Amino acid sequence: RSPSRGLGDVYKRQPPTLVVFFAPWCGHCVKMVPEVAKAAARLGSTGVRVVAVDCDRAPEVARSLGIKGYPTVKFMARGKSTAYEGPRSALHLVAFAQGQARLDMVMKYVDKVLDPIKMVVIGLLKKK
């Protein structure tokens, strides 16, 4: 089984994750390493994981997710991803990840609350 197959399914079951896609030969990536480490330390107690993917070693993963440049940062939760385009400092990475994690919690709650309503509406529509 290819590592890229089912990656969305894997992230549906995982806690919210800040993923940094990098290449070891990329100067911007090398400069970003200490900032990612600081961000990981700050996010450790929040329930947001930080994962780094070496795209030279996992080209199928990079290809399947449309990674075209390095570094690329995405927040992944419940099988969905949001690209990060901001500054590469720990402070900004943490703020982005925490904001996305809060949004994900709200969306989980909304889904939970609306699910019974959706079922009723679908049931009513099917009866017509």
Checklist line | Flag for residue 21 being surrounded by 15 or more Cβ atoms within 10 Å (Cβ to Cβ), modelled with pLDDT of 90 or more, in contact with a strand residue (DSSP E or B) (Cβ under 8 Å, 6 or more places away or on another chain) and assigned to a helix (DSSP H, G or I) | finding: no
Check: Which condition number does residue 16 fail, the rest of (1) under 21 Å from residue 102 (Cβ atoms); (2) surrounded by 13 or more Cβ atoms within 10 Å (Cβ to Cβ); (3) at pLDDT 95 or above being met?
Finding: (3)
Note to self: Given the options 58, 52, name the one that is of a type in the set (A, V, I, L, M, F, W, C) and either modelled with pLDDT of 95 or more or within 14 Å of the chain's Cα centre (by Cα) (or both).
What the structure shows: 52
Next item on the list: Residues being crowded, with 20+ Cβ neighbours inside 10 Å, of a type in the set (A, V, I, L, M) and not in a helix (DSSP H, G or I): count how many of those fall in segment 66-101.
Entry: 4
Notebook entry, point to check: Hey, residue 45 hits all of (1) in contact with a helix residue (DSSP H, G or I) (Cβ under 6 Å, 6 or more places away or on another chain); (2) modelled with pLDDT of 90 or more but one; which does it fall short on?
Noted result: (1)
Check: In segment 42-65, which residues are touching a strand residue (DSSP E or B) at 6+ places or on another chain (Cβ under 9 Å), within 24 Å of residue 91 (Cα to Cα) and either part of a helix (DSSP H, G or I) or of a type in the set (S, T, N, Q) (or both)?
Finding: 43
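The values are calculated or read from the model by the stated rules, or taken from the named source; none is laboratory data. Because the structure is predicted, anything quoted here is derived from the model rather than measured. Note that we place each Cβ from the backbone using ideal geometry, even for glycine, and neighbour counts take in every protein chain shown.
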